[in-house]
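Chemist: Mind having a look at this structure? Questions to follow.
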Amino acid sequence: MIRRVRYLFVEDVPDVLASPVVKRFRRAFPRAKVHIVKDREAIDAILPPSDLRAKQAVFLCRNQGAFIRHCPGTKYFVCCGYRVIDAGFQCPFSCDYCFLHVYDNTKLTVVYTNTQVIIDEAAALDDRFCRIGTGELIDSLAYDDITGLSEALITMAADHPNMFLEFKTKSANIDHILARDVPEHSRRIVFAFSLNPQTHIERHEHGTASLVERLAAAKRCARAGYSVAFHFDPIIRFPQWQRSYRAVVNAIYRSVTPADIAWISMGGVRFPRAMEECRFASGKGYEFLFDEFVPCEDGKRRYLRPLREALYREMISAIRAHDRKTYLYMCMETPAMWSSVFDRKFSFADFEASLRKKGMLHS
């Protein structure tokens, strides 16, 4: 994992300036140039969004809105009911397929410092079965050893017996987590690793941990008593993709047991039309856009349905050769695809029942 911070921008607000998060960032990156700024516009004057150095910059500021929201599904595609904690925006990694390339025009990483509000919002959720995590707009663990957010969330979750906390990452940044005492509710703490073949990681997931490093981290988490999960999203077609993805699945089950795994998700690559402009802007790394895609109701392009179905069937076959019980689901897919691939509709109750059968959630 590559993590370089050359610039620290700090919002000129007393609560932010005095934040422990700011102090820890300054301690972790003592050579970073620190700028106290009023807002994002002030940052742009120093480091324009198009400047590649912005990838080595972090803006520490408040979030003045809500931190927790439902996963942004649409009426045309099945949503798994996940709740998202917006702990920040962007990350130190640079994945070619990331939707944040077109969601925002800056490479700057934003980390929110008012973390107690996150804890308070999460603690106020109802006590029904709930999956919640921080990995939607920012990698959950890339800076977690500095922010300390996971430790605070894990402590909070002890009082919420129906809450599953998921920390989704392409890093292997877990030493600080395993240095703590493992909590009694560790089975409800899920460290989820986004996986792809190593050739894909090298070509498209710049600055991230290698496949071997991610699986080693998953193994250490599982051995410590935490649950793990895996996300094959996005799955990208390339020559011999079937063999490559099956090899990754085999490597999972050499690292952990089925009993360790809370869930596995799958999603074919999808992207907004604006990402096609990235292809023409840089070319390298975007060859995957030259395939058979179709525009969908949510404005994104996806592989033609027969191609997507083939992806999912291949992945399911590879996983079920090792593991008949772990809950599998597709991310942002149609009800028709669910019926075709799984011969059933998505059911939140089935998801919950699967976790209870594994002893990860108690009645």
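Chemist: Being touching a residue at least 60 places away in the same chain (Cβ under 8 Å), touching a helix residue (DSSP H, G or I) at 6+ places or on another chain (Cβ under 6 Å) and either assigned to a helix (DSSP H, G or I) or more than 15 Å from residue 229 (Cα to Cα) (or both) is the filter here; which residues of the range 146-172 pass it?
Modeler: Result: 146, 147, 149.
Chemist: What do you reckon, is residue 193 in contact with a His (Cβ under 9 Å, 6 or more places away or on another chain), at negative phi, buried (at least 23 other Cβ atoms within 10 Å of the Cβ) and outside any helix (DSSP H, G or I)?
Modeler: Values: in contact with a His (Cβ under 9 Å, 6 or more places away or on another chain): yes; at negative phi: yes; buried (at least 23 other Cβ atoms within 10 Å of the Cβ): yes; outside any helix (DSSP H, G or I): yes.
Answer is yes for this residue.
Chemist: Being out of contact with any helix residue (DSSP H, G or I) (no Cβ under 8 Å at 6 or more places or on another chain), at pLDDT below 95 and in a loop (DSSP other than H, G, I, E, B) is the filter here; which residues of the range 1-57 pass it?
Modeler: 2, 3, 39, 49, 50, 51
Chemist: When residues of the range 327-345 are filtered for being closer than 15 Å to residue 264 by Cα and surrounded by fewer than 17 Cβ atoms within 10 Å (Cβ to Cβ), how many remain?
Modeler: The qualifying residues number 1.
Chemist: Out of all the residues in the range 103-136, which are within 12 Å of residue 91 (Cα to Cα), among the aliphatic types (A, V, I, L, M) and out of contact with any Gly (no Cβ under 7 Å at 6 or more places or on another chain)?
Modeler: 108
Chemist: Test residue 268 against the criterion of being surrounded by fewer than 17 Cβ atoms within 10 Å (Cβ to Cβ), within 19 Å of residue 73 (Cβ to Cβ) and small (Gly, Ala, Ser), and give yes or no.
Modeler: Numbers: surrounded by fewer than 17 Cβ atoms within 10 Å (Cβ to Cβ): no; within 19 Å of residue 73 (Cβ to Cβ): yes; small (Gly, Ala, Ser): yes.
For residue 268, the condition - surrounded by fewer than 17 Cβ atoms within 10 Å (Cβ to Cβ), within 19 Å of residue 73 (Cβ to Cβ) and small (Gly, Ala, Ser) - is not met.
Chemist: Something else: Just checking, how many residues over the range 107-136 are part of a loop (DSSP other than H, G, I, E, B) and either under 23 Å from residue 194 (Cα atoms) or free of Cβ contacts under 8 Å to residues at least 60 places away in the same chain (or both)?
Modeler: Our first condition is that a residue be part of a loop (DSSP other than H, G, I, E, B); within the range 107-136, this holds for 107-108, 113-114, 124-129, 134-136.
When the remaining residues are screened for being either under 23 Å from residue 194 (Cα atoms) or free of Cβ contacts under 8 Å to residues at least 60 places away in the same chain (or both), the result is 107-108, 124-128, 134-136.
Looking only at that region, the number is 10.
Residues checked against (1) modelled with pLDDT of 95 or more; (2) buried (at least 18 other Cβ atoms within 10 Å of the Cβ); (3) in contact with a Cys (Cβ under 8 Å, 6 or more places away or on another chain); (4) part of a helix (DSSP H, G or I):
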{"site": "281", "(1), (2), (3), (4)": "no, no, no, yes"}
{"site": "291", "(1), (2), (3), (4)": "no, no, no, no"}
{"site": "297", "(1), (2), (3), (4)": "no, no, no, no"}
{"site": "317", "(1), (2), (3), (4)": "yes, no, no, yes"}
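This table checks each residue for (1) more than 24 Å from the chain's Cα centre (by Cα); (2) closer than 24 Å to residue 97 by Cα; (3) loosely packed, with under 15 Cβ neighbours inside 10 Å; (4) at pLDDT 95 or above.
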position: 273; (1), (2), (3), (4): no, yes, yes, no
position: 300; (1), (2), (3), (4): no, yes, no, no
position: 304; (1), (2), (3), (4): yes, yes, yes, yes
position: 312; (1), (2), (3), (4): no, yes, no, yes
position: 325; (1), (2), (3), (4): no, no, yes, no
position: 347; (1), (2), (3), (4): no, no, yes, no
position: 350; (1), (2), (3), (4): no, no, yes, no
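Chemist: Taking into account only those residues within the range 5-57 that are touching a Gly at 6+ places or on another chain (Cβ under 9 Å) and among the charged types (D, E, K, R), which is farthest from residue 194 (Cα to Cα)? Outline the logic, then answer.
Modeler: In the first step, residues of the range 5-57 are kept if they are touching a Gly at 6+ places or on another chain (Cβ under 9 Å); the result is 20-21, 24, 55.
When the remaining residues are screened for being among the charged types (D, E, K, R), the result is 24, 55.
Details: 24: 27, 55: 21 Å.
Per the stated criteria, the residue is 24.
Chemist: So, one more: Can we say residue 354 is more than 23 Å from the chain's Cα centre (by Cα), in contact (Cβ under 8 Å) with a residue 12 or more places away in the chain and assigned to a helix (DSSP H, G or I)? Can you show your working first?
Modeler: On the way: more than 23 Å from the chain's Cα centre (by Cα): no; in contact (Cβ under 8 Å) with a residue 12 or more places away in the chain: yes; assigned to a helix (DSSP H, G or I): yes.
Here the answer is no, as residue 354 does not meet what is asked.
The values are calculated or read from the model by the stated rules, or taken from the named source; none is laboratory data. Note that the structure is a prediction, hence the values are computed from the model and not measured. Backbone-built Cβ (ideal geometry, glycine too); neighbour counts: all protein chains shown.
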